[in-house]
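As structure tokens, the structure follows; a few thoughts come after it.
The values are calculated or read from the model by the stated rules, or taken from the named source; none is laboratory data. Not measured: the values here are computed from a predicted model. Positions of Cβ are generated from backbone atoms using ideal geometry, with glycine treated the same way; all protein chains shown enter the neighbour counts. These area figures cover heavy atoms from the full protein model, side chains too; ligands, DNA and RNA do not enter into them. Shrake-Rupley method; radii C 1.70, N 1.55, O 1.52, S 1.80 Å.
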Amino acid sequence: MSAAAAARKRGRSASGAGAGAGAGKRRRKADSAGEKGKSKGGGKMNEEISSDSESESLAPRRTEEEEEEELEETAQEKKLRLAKLYLEQLRQQEEEKAEAQAFEEDQVAGRLKEDVLEQRGRLQKSVAKEIQAPAPADIQVLRGHQLSITCVVITPDDSAIFSAAKDCTIIKWSVESRRKLHVIPRAKKGVEGQPPGHGSHILCMAISSDGKYLASGDRSKLIFIWEAQSCRHLYTFTGHRDAVSGLAFRRGTHQLYSTSHDRSVKVWNVAENSYVETLFGHQDAVAALDALSRECCVTAGGRDGTVRVWKIPEESQLVFYGHQGSIDSIQLINEEHMVSGADDGSVALWGLSKKRPLALQREAHGLQGEPGLEQPFWVSSVAALLNTDLVATGSHSSRVRLWQCGEGFRRLDPLCDIPLVGFINSLKFSTSGDFLVAGVGQEHRLGRWWRIKEARNSVCIIPLRRAPRPPTAGS
């Protein structure tokens, strides 16, 4: 073989080896690339598998970020949002204000309606059905008088009670503490330098609607005027010719009406310490008197069997008949209606437009005496809660009886009995209607026909609790 051929042979073999090496190199690169691809592929799978769990933790973060992005607002948008919020608040305030105004207008309209009905004498609030009979242990007994209580009055603010008795004394009691605040003692005859006071049985009292003046009348034909706050004596009115049996102030004024066993009615001006006029008409001793806001008064004529309404400016009177016995007590319910009691045991409701009773309850407190000789218990006192349907009556039947006036005052239904032993000589409701005060004695206020020894001469405060009203539908 020549040298040139050998050289070409070596060149081919070298190139073949280089080619094989190149191919092997390319295969290694491809394998490594494949492995890298596999490893990358496996890495992607691992990443995808791990991303399933990581996505759960990343998802809330993305939501919060999105919320933050949503909450981000421009200054203009913020101004718009605050303006809308302010307008909404203004709208709510105006609605609340309108509701409050409408409620206030309803209240004012209701009050005006009540005032109109009260002036016309047609106001009748229904409270009687809510009254619950008190337990005997709840009755407060105030003792201080030596003889029978004849009359009681309550101050307009319900803070104090004045009581008078046959022992010629007047006691001022505190409603809250149940203690004596002041005592006006009896005036002894023939003793000089003693403080002013009554020297005979006190039969009646009245207090002005502003609580400034207290008036008291006795069997000695005298009317004493006191300063109610301090119990200081101010004036003494004389003019009646017999025992003073009834007193009443006209509401809202210091005009005083008085009546007497001399059958007259007198008018006084307490503020000016002056006498005004005298009216006549009754045929027998007048037993009781009452008045409200109008310039008129009503009287119970005792044994002449009449109830009279006195129109002071016209100097005229209306005469009413209905009881068969002596009419001993009377009380105005409102400006147009009144209640009276008599010794024939009857209680009557009256309207000023009719001369006969609208309702008449006979034997209101039952009968007394042996079989075949029964007589009705005398009705010695009556009281009415102003402008309502609640009435109370007293006798010596060992109980005070509460009544409900029917619609239009044309019926009188018994509510409950309150046990109280003795003559119930006086009854008064508090202004609020929360309690009833009874003046109790062993004897009748006008005489000594009977004597109940087991009775106590006392002032009794009877609480009047009201039953809760049933819930209204939807409450």
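Mind listing whichever residues of the stretch 231-268 are hydroxyl-bearing (Ser, Thr, Tyr) and either open to solvent by 20 Å² or more (accessible area, probe 1.4 Å) or over 16 Å from Arg303 (Cα atoms) (or both)? So that I can check it myself, show each step before the final result.
Of the stretch 231-268, the ones hydroxyl-bearing (Ser, Thr, Tyr) are 235-236, 238, 245, 253, 257-260, 264.
Within the stretch 231-268, Tyr235, Thr236, Thr238, Thr253, Tyr257, Ser258 qualify.
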Query raised in the report: Within the stretch 177-196, is even one residue in a strand (DSSP E or B) and closer than 24 Å to Phe280 by Cβ?
Result: no
Report summary line: The lone condition His198 fails out of (1) under 29 Å from the mean Cα position of the chain (by Cα); (2) open to solvent by less than 10 Å² (accessible area, probe 1.4 Å) is (1)
Requested in this report: Could you please find all residues in the stretch 70-84 being open to solvent by 90 Å² or more (accessible area, probe 1.4 Å) and modelled with pLDDT of 80 or more?
Outcome: Gln76, Glu77, Lys78, Lys79, Leu80, Arg81, Lys84
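Just to check your reading of the model, which residue among Ile225, Ile171 is aliphatic (A, V, I, L, M), more than 30 Å from the chain's Cα centre (by Cα) and modelled with pLDDT of 95 or more? Give the derivation first.
Values: Ile171 fails: more than 30 Å from the chain's Cα centre (by Cα).
Matching residue, one of Ile225, Ile171: Ile225.
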Requested in this report: Scan the stretch 110-136 and report the pairs whose first residue is in a strand (DSSP E or B) and of a type in the set (S, T, N, Q) and whose second residue is modelled with pLDDT of 65 or more and surrounded by 13 or more Cβ atoms within 10 Å (Cβ to Cβ), with Cβ atoms within less than 6 Å and a gap of 6+ or a chain change.
Outcome: Gln132/Arg465
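Of these, Pro414, Pro468, which one is assigned to a strand (DSSP E or B), surrounded by fewer than 21 Cβ atoms within 10 Å (Cβ to Cβ) and of a type outside the set (Asp, Glu)?
Details: Pro468 fails: assigned to a strand (DSSP E or B).
Every option except Pro414 fails the conditions.
Does Gln404 satisfy being surrounded by fewer than 17 Cβ atoms within 10 Å (Cβ to Cβ) and out of contact with any Ser or Thr (no Cβ under 7 Å at 6 or more places or on another chain)?
no
One residue is enough: does the stretch 214-227 have a residue meeting the conditions farther than 29 Å from Ser159 by Cβ, of a type in the set (Gly, Ala, Ser) and open to solvent by 10 Å² or more (accessible area, probe 1.4 Å)? Steps first, answer last, please.
Residues of the stretch 214-227 farther than 29 Å from Ser159 by Cβ: 219-221.
Going one step further and asking which of them are of a type in the set (Gly, Ala, Ser), we end up with 220.
Going one step further and asking which of them are open to solvent by 10 Å² or more (accessible area, probe 1.4 Å), we end up with 220.
Within the stretch 214-227 (the criterion being farther than 29 Å from Ser159 by Cβ, of a type in the set (Gly, Ala, Ser) and open to solvent by 10 Å² or more (accessible area, probe 1.4 Å)), the answer is yes, since at least one residue qualifies.
Take the stretch 417-436 and flag every residue that is aromatic (Phe, Trp, Tyr) and either open to solvent by less than 10 Å² (accessible area, probe 1.4 Å) or not in a strand (DSSP E or B) (or both).
First, the residues of the stretch 417-436 that are aromatic (Phe, Trp, Tyr): 423, 429, 435.
Matches in the stretch 417-436: Phe423 only.
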Query raised in the report: Do any residues in the stretch 159-180 that are without any contact (Cβ under 8 Å) to a residue 60 or more places away in the chain have Cβ atoms under 8 Å from those of residues that are among the acidic types (Asp, Glu), where the two are at least six apart or on different chains, and which pairs are they?
Result: Ser159/Glu176; Cys168/Asp218
Query - Looking only at the stretch 352-400, and only at residues there that are of a type in the set (Gly, Ala, Ser) and open to solvent by 30 Å² or more (accessible area, probe 1.4 Å), the one that is nearest to Gln317 (Cα to Cα) - result: Ser353
Report summary line: Restricting the stretch 285-302 to residues that are closer than 22 Å to Ile202 by Cβ and in a loop (DSSP other than H, G, I, E, B), the one most open to solvent (accessible area, probe 1.4 Å) turns out to be Ala285
Report task. Identify the single condition in (1) over 33 Å from the mean Cα position of the chain (by Cα); (2) of a type outside the set (Lys, Arg); (3) surrounded by fewer than 16 Cβ atoms within 10 Å (Cβ to Cβ) that Ala271 does not satisfy, given that it satisfies every other one. Result -> (1)
